[in-house]
């Protein structure tokens, strides 16, 4: 059995760490972006689960795929995966994940904002690109989008290069690539944050908490509670 | 001409709503009728303000559908479309019908279901009111017109980006106190302008306008019940009178105007409203202005006569337009934070003034408000309505 597990489990490689950073949001709140560790995946899966049934803005498909990817990471079935989380006062407000295909090529998986209207997704996607280009020093990041919001945020804002010759591993759609040149051209207007994160602020991000399910769905859908007078 | 009073008002929460347009209109209508103490036998006519259900929701004949749903048959019912000023136009029509003696009580409800389409489609839908040959075919949108307008105004009067951000911060602060607002979230000057992160938090939309300079795309409805003043005495709440209204139009294509910064229709509508009310801008304690873009609040506050032309941003700096200032503007959060379901906006402005004048505005209550003013800005200032409301 142990031998079979050895076959099914991809070899582990320690990826260079993503140095945490803090981002000041429009509301004045500070979001800490830091890498998640494998032991935290159960909590992340719990946070994502209610979104599997939210059709709005393709949250269902993005949540389902992210769930599967993180589960794959938790159960040692995805090679070289990582996940960055965005936390405000310890509460999970978004996450991004991806993996490395080779030393030169990174693959962007998904971006999931759990609190909307504060550009959390944009900040986290930028952090993910920062990780691939500046920390992992990769030459290409393969990206695709599954929602119009994603397409607008990534393909248009970063002016990505369409590569119909490369299928993305998320499906049959085209890959769009980010290169170091494109990243640095966009960096001034899209990639922000401060390092090092002051110790007291970083401490607030040590333990992940997740919002109540009803609150989470309300945050994501913007579904107004009925109120009239 | 008979005096006309507002005896009931109600609205839905603005934002992204699951309900369809008719459900939103019904919710606001029933709330207003209840507030007025009316049942279905007491409504003589219905005016429904809506700009684009035919385009956005593939639904026409909205007024006809609504009277049936509300069991108000056989009350006469009309849909009024006047772009983003549809709400005020509908109220004007109701006012005229009552003032003339034709009807005694009229329900006016405005609503829009804009989040049924994408943001791009909603922007294009609103742009359909621009000049077809002179503007629209060149890709003009309302944000782009407002961006060019802001640039001109800033160059001429010394308005800076921080003044625009001040409007956003103030209105978001007010919106956070309004349970009906689309965005109930305060923002900081640091977060949207001063910190390096602001470049991402508040990205350019149509420079110099950034995201927080533009109103959101909203669903929602608001309703008021108007009646002849002499019949308002039995209403559950003190009546608020429509002391005056004015409407004016201007050249359709903005580039054809002598001075694009001169919003003649705002000035004309406000002047007419004040003359009819026999009041002046100094008599107003609270105002709701059409801040679809932050620059418009500044300019409308000047053109309506509250501040000298070119000085609106100075008043903002001094805090005169804050809730505790000399003339609080947009205590509801304005279009910026309360939201802008286009057909509902004019009615929502009047609803907010009624609540303010009755003393029912909760945390955002303006102290000692006796007279209120609102301006509903249609097109890019080419069809504007203004109201002056007074409490008894």
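Bear in mind these aren't lab numbers, they're just calculated from the coordinates by the rules spelled out. The structure displayed is predicted, hence computed values, not measured ones. When we count neighbours, we look across all protein chains shown, and the Cβ atoms used for this are built from the backbone with ideal geometry, even at glycine.
Across the range B:84-241, C-alpha contacts under 8 Å between residues 6 or more apart give a mean separation that, scaled by the residue count, equals a relative contact order of 32 percent. Placing a label point 7 Å from the Cα of residue A:201 along the Cα-to-Cβ line, the residues of the range A:1-25 whose backbone N sits under 17 Å from it are A:19-25.
Based on DSSP H runs of at least 4 residues, each adding -39500 (n - 2.57), what is the mean residue ellipticity at 222 nm of chain A after dividing by all its residues, to the nearest 500 deg cm²/dmol? Calculated mean residue ellipticity at 222 nm is -8500 deg cm²/dmol. The angle between the Cα long axis of helix B:294-303 and the longest principal axis of the Cα atoms of chain B comes to about 70 degrees, rounded to the nearest 10. Peptide B:190-197 shows a mean partner chain C-beta count of 5 within 10 Å per residue C-beta. Peptide B:201-213 is shielded by partner chain Cβ atoms: per residue, an average of 2 of them sit within 10 Å of its Cβ.
With the highest mean first, a sort of the peptides A:117-128, A:208-219 on other beta-carbon atoms found within 10 angstrom per residue produces A:117-128, A:208-219. Relative contact order of chain B: 26 percent, from C-alpha pairs under 8 Å at least 6 residues apart in sequence. Here the extension length gained between residue A:218 and residue A:79 equals 46.6 nm, from 0.36 nm per residue of separation less the Cα-Cα distance.
In degrees between 0 and 90, to the nearest 10, how far off the longest principal axis of chain B does helix B:86-99 point, with axes built from Cα atoms? It works out to around 40 degrees. The distance separating the Cα centre of the range B:82-139 from that of the range B:1-25 comes to 14 Å.
Test of understanding: in a Gaussian network model of chain B with alpha carbons linked when under 10 Å, which of B:44, B:258, B:291 would top the mean-square fluctuation ranking? Result for chain B, Cα springs under 10 Å: B:258 fluctuates most. Fully extending the segment from residue B:360 to residue B:211, taken as 0.36 nm per residue of separation minus the present Cα-Cα distance, adds 50.5 nm. For the options B:205, B:298, B:242, a Gaussian network treatment of chain B with springs between C-alpha atoms closer than 10 Å singles out B:205 as fluctuating the most.
If the chain between residue B:155 and residue B:199 were fully stretched, how many nm would it gain, using 0.36 nm times the residue separation less the Cα-Cα distance?
13.6 nm
For the peptides B:336-343, B:283-290, B:350-357, B:72-79, the ranking by packing is B:336-343, B:350-357, B:283-290, B:72-79, with the highest mean count of neighbouring Cβ atoms within 10 Å listed first. In the range B:304-377 the Cα-Cα distances spread across 5 Å bins starting at 0 as 3, 15, 25, 25, 20, 10, 1 percent of all pairs. From largest to smallest, the equivalent ellipsoid semi-axes obtained for the range A:13-221 from the alpha-carbon gyration tensor read 24, 20, 17 Å.
Each of the peptides A:23-29, B:193-199 was scored by the mean count of other Cβ atoms within 10 Å over its residues; in descending order, highest first, they stand as A:23-29, B:193-199. For q = 0.12, 0.14, 0.16, 0.18 Å⁻¹, what log10 I(q)/I(0) does the range B:10-85 give under the Debye formula with an equal point scatterer on each alpha carbon and no solvent? The computed values of log10 I(q)/I(0) come out as -0.33, -0.45, -0.59, -0.75.
Taking Cα atoms only, the orientation of helix B:161-175 departs from the longest principal axis of chain B by about 30 degrees. Legend: calculated FRET efficiency, residue A:194 to residue B:69, from the Cβ-Cβ distance at R0 = 56 Å, rounded to 0.05, equals 0.55.
Summarising the label geometry, the points placed 7 Å from Cα in the beta-carbon direction at residue B:3 and residue A:13 lie 8.3 nm from one another. Each part gets one Cα centre, and for the range A:144-218 versus the range A:50-115 those centres are 10 Å apart. Tell me, what is the FRET efficiency for residue B:275 and residue B:314 to the nearest 0.05, using R0 = 30 angstrom and their Cβ-Cβ distance as r? Taking R0 as 30 Å, the efficiency between residue B:275 and residue B:314 is 0.65. Taking the inverse of the mean reciprocal distance over all distinct Cα pairs, the Kirkwood hydrodynamic radius of the protein assembly as shown comes to 25.8 Å. Estimate the FRET efficiency between residue A:4 and residue B:162 by the formula 1/(1 + (r/R0)^6), using the beta-carbon distance for r and 60 Å for R0, to the nearest 0.05. FRET efficiency, residue A:4 to residue B:162: 0.40.
Measuring nothing but how far apart in sequence close Cα pairs (under 8 Å, 6+ apart) lie, relative to its length, chain A scores a relative contact order of 22 percent.
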